[in-house]
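Scroll down for the structure; my scribbles are underneath it.
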Amino acid sequence: MPTRRALLISATALLAMSLAAPAIAQSDRPTPVVATFSILGDMVKRIGGEHIAVTTLVGPNGDAHVYQPTPADARAVSEATILVVNGLQFEGWLDRLIDASDFDGMRVVATEGIEPIAFDDGHDHGDNLDVHAEKTGHDHDHDERAEAAAHDHDDEHDDKAHAEAGRDHHDHGAFDPHAWQSLGNAVAYVDNITAALAQADPANAAEFYQNRAAYVAEIEALDAEVREIVAALPAERRIVVTSHDAFQYFGGEYGLTFIAPQGLSTESEASAKDVARLIQQIRERGIRAVFIENIGDARLLEQIANETGATIGGTLYPDALSGPDGPAPTYLDMMRHNAMTLAQTLAS
Ligand code: ZN
């Protein structure tokens, strides 16, 4: 039987608990994080776990190149403590969105610290992959590329200025933004995200770094796996046709050549000349399969397949995850799926 005294003590304890409760709830409240697209959203979830609440702006199978932010997006950004973006001008709509919000949190550029692939102004897609074209008369392009690469260091610290410069002209950045297509780069993404979460929520920093370590181990294991998968392919089969030019980091890292009728962004349509040149390349090189993408429109690739007799080798996930029931619900699933799909088709 509880004594009167014991009841008094427990009442005092309850009072103390209820007074302390708001503070506890405050520190346990998940940190609101906005990620611009599904791949970043998945990475943030892996690292932040239950301590973060992620809003992903461009969801599964969505095309971030041509995305139109909504008023709900602006509200989510206003409430976010951390905004995780890819950078390298992937999100051409980002500055407009931030202007439309009251965001005063931390902006994390996931690509910070990676070595970006420089590109020319987008009129020569495919040329740099054509051995003959490369040897004859494209010195000018190469100079520009080398020059851009030489300025990497300065430019990295100036992502905001890049984005600002690009905003009004609607043109592309000086670099290929699809850096997540290299698993090595993904480690840099993960490190940038982890550092930001730890800074915003120091009480849980140790857990974020533990999650990071486990995640990086998986990324590195998959990197080795993808290298093995590609190494098993005969050299002359390692050429891939996709819709838009999203796989230069993948190709550079793992030793495949990717060509695409569309440029680095899905925003610009392939010109008749680009399509004609691609069809010629497919015929000359005896390319037997083309790959469609989960984002955007497959019709151009289907037309190219019809005209050349190439088959559709499957669906690749360049810029977005699949839904939870699809083959690429996480970043790691996506990278594995792409490698396996390529290997199955190119090996046969
Ligand atoms: Zn893309």
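Any read-out appearing in this document is the output of simple, stated calculations on the displayed coordinates, not a laboratory observation. Values in this document were obtained by computation on a predicted structure and should not be read as measured data. FYI the Cβ positions are ideal-geometry reconstructions off the backbone, even for glycines, and counts take in every protein chain you see.
Summary table
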item	result
3J(HN,Hα) from dihedral phi, region 206-217, Karplus parametrisation 6.51/-1.76/1.60, rounded to Hz, x for glycine, proline	4, 5, 4, 5, 5, 4, 4, 4, 5, 5, 4, 4
Peptide ranges 342-348, 187-193 listed from the most packed, as the mean C-beta count within 10 angstrom indicates	187-193, 342-348
Surrounding net charge for residue 223, when Lys and Arg each add one and Asp and Glu each subtract one, Cβ distance under 14 Å	-3
Region 89-108-region 296-311 distance, computed between alpha-carbon centres (Å)	36
Centroid-to-centroid separation of region 30-79 and region 206-248 [C-alpha atoms, Å]	23
Exposure proxy ranking, count of Cβ atoms within 10 Å, fewest first, for 336, 283	283, 336
Order of 96, 29 - criterion: other Cβ atoms within 10 Å of each residue's Cβ, fewest first	29, 96
Net charge of Cβ neighbours under 14 Å - reference residue 47; Lys, Arg +1; Asp, Glu -1	-3
